[in-house]
Amino acid sequence: MEGYQHVLLAADFQDDSARVGERAHDLAQRYEAQLSLLHVVENMPVEPGNELMIPPTANVEQEMLANAERRLRQLGERLGVPDAHREVRVGQTKREIIEHAQECGADLVVVGSHSRHGLALLLGSTANALLHGAPCDVLAVRL
Ligand code: AMP
C-alpha cells in the first residue's frame, strides 16, 4: 500500500491543539509527505433573520485575517511548513477544509477530535463532518 503524500493539518490554535500539529508533522515526516496548514476564519455570526449580530467593519475583518495569518505563520515556522503551503480561508470551517483538501490534493486530513464545537462529545462537529465529507482519509487526534 502506498503511503500518504500530502498531509493537511486543520489548525484552530486552541490551547490543546499542539498535539494535533505534532501528530500531523510526525506522520508527514514518516511518509516523507508534504505537510500543509489550513486555518479557517469563520464567517461573521448571523441571526436567523440574516441580521449580523456584530456589525462587521472592514477593520474587524482585516484584524481577524491578520491575526490568523500571524498565528499560521508562527505555526508554520514551528513545524517547518513554508509559506506556499499555509492557507487562511474565510467561510464555514467544515466546508472550507473539505474544499481545500480537494484543491490541494491532500490524501490525509488531520484534525483534533473536538474543541470549541463539541466538548461534550467524543467527536466534535468538524471531525464528524470530515468523516462524512472529506475526499480522503481523516485522522481525528484524540483531545
Ligand atoms: P471542533 O469541531 O471545534 O470540535 O474542532 C475539531 C477540530 O477541527 C480542531 O481540533 C481543528 O483541528 C479543526 N478546526 C476547528 N475549527 C477550525 C478552524 N477554524 N480552522 C481550521 N481547523 C479547525
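The values are calculated or read from the model by the stated rules, or taken from the named source; none is laboratory data. The shown structure was predicted, so the numbers you read here are calculated from the model rather than taken from an experiment. In this analysis, Cβ positions are derived from the backbone assuming ideal geometry, glycine residues included, and neighbour counts consider all displayed protein chains.
Some notes on this structure:
- Selection within the stretch 22-36: residues that are surrounded by fewer than 22 Cβ atoms within 10 Å (Cβ to Cβ) and within 22 Å of Lys94 (Cβ to Cβ). The member of this set that is nearest to the ligand (Cβ to nearest atom) is Arg23.
- Contacts under 8 angstrom Cβ, first residue in the stretch 1-30 being over 20 Å from Pro82 (Cβ atoms), partner away from the ligand (no atom under 11 Å from the Cβ), 6 or more apart: Gly3/Arg30; Gly3/Tyr31; Gly3/Glu32; Gly3/Ala33
- Summed over the stretch 94-125, residues that are modelled with pLDDT under 95, part of a helix (DSSP H, G or I) and in contact with a strand residue (DSSP E or B) (Cβ under 6 Å, 6 or more places away or on another chain) total 0.
- Checking every residue in the stretch 10-30 against the condition of being part of a helix (DSSP H, G or I), in contact with a Leu (Cβ under 6 Å, 6 or more places away or on another chain), closer than 20 Å to Val141 by Cβ and at pLDDT below 95 gives at least one match.
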